[in-house]
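Before any comments, here is the structure.
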Amino acid sequence: MADVHDPSTRSRNMAAVKAVNTRPELQIRRAMHASGLRFRLHVRDLPGKPDLVFPRYRAVVFVNGCFWHHHDCHLFRWPATREEFWRAKIDRNVVNDARAELTLLENDWRVATVWECALKGRTRPDFSAAMLGLATWIKGDEKTMTLRGS
């Protein structure tokens, strides 16, 4: 059995965390495609490398994990070990998120953020209604949208 305190084991565990094609992202992609919307994935030329980009509507969607992006919901808990490391890492993610959103808005892109708690957990809204709301936002003209658990 692997020792959880062994640094090499921790590295392997962290390597298993996916940055793209996560379950929440795939759920949203399927729903948007079913709504007739077409998009590009992880466009490197845009700030923050948005998860979904809808060029026709100048809209982008970020699918954020509540832990990695420090969301104020029941899914977020500060780790009990290596607190200094985790606070620096997660705080850096929050700063990067804000910078990317501001830059996108300044360049006339519209920005939606879908939080993990909108898709799982005890406070998630009805999935069909949430995806209908997102599709409506994409086709609309509001600058920003946030989809989260209640």
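Every number here is computed from the coordinates shown, using simple stated rules; none is lab data. Remember, predicted model here, so these are calculated numbers, not experimental data. Every residue, glycine as well, gets a Cβ built from its backbone with ideal geometry; the counts of neighbours run over all protein chains shown.
Rounded to whole Å and sorted largest first, what semi-axes of the equivalent ellipsoid does the C-alpha gyration tensor of the chain yield via the square root of 5 times each eigenvalue? Show your work: numbers first, answer last.
Details: eigenvalues 168, 61, 44 Å².
Equivalent ellipsoid of the chain: 29, 17, 15 Å, largest first.
Using Cα pairs under 8 angstrom and six or more residues apart, how large is the relative contact order of the chain, in percent? Walk me through the intermediate numbers first.
Working: 182 pairs, mean separation 31.7, N = 150.
Reported as a whole number, the value is 21 percent.
When peptides 85-97, 66-78 are sorted by average Cβ neighbour count within 10 Å, with the highest value leading, the order is 66-78, 85-97. In this structure the amide hydrogen of ALA59, modeled in the peptide plane, comes within under 5 Å of the amide hydrogens of PHE54, ARG110, none closer than 5 places in sequence on its chain.
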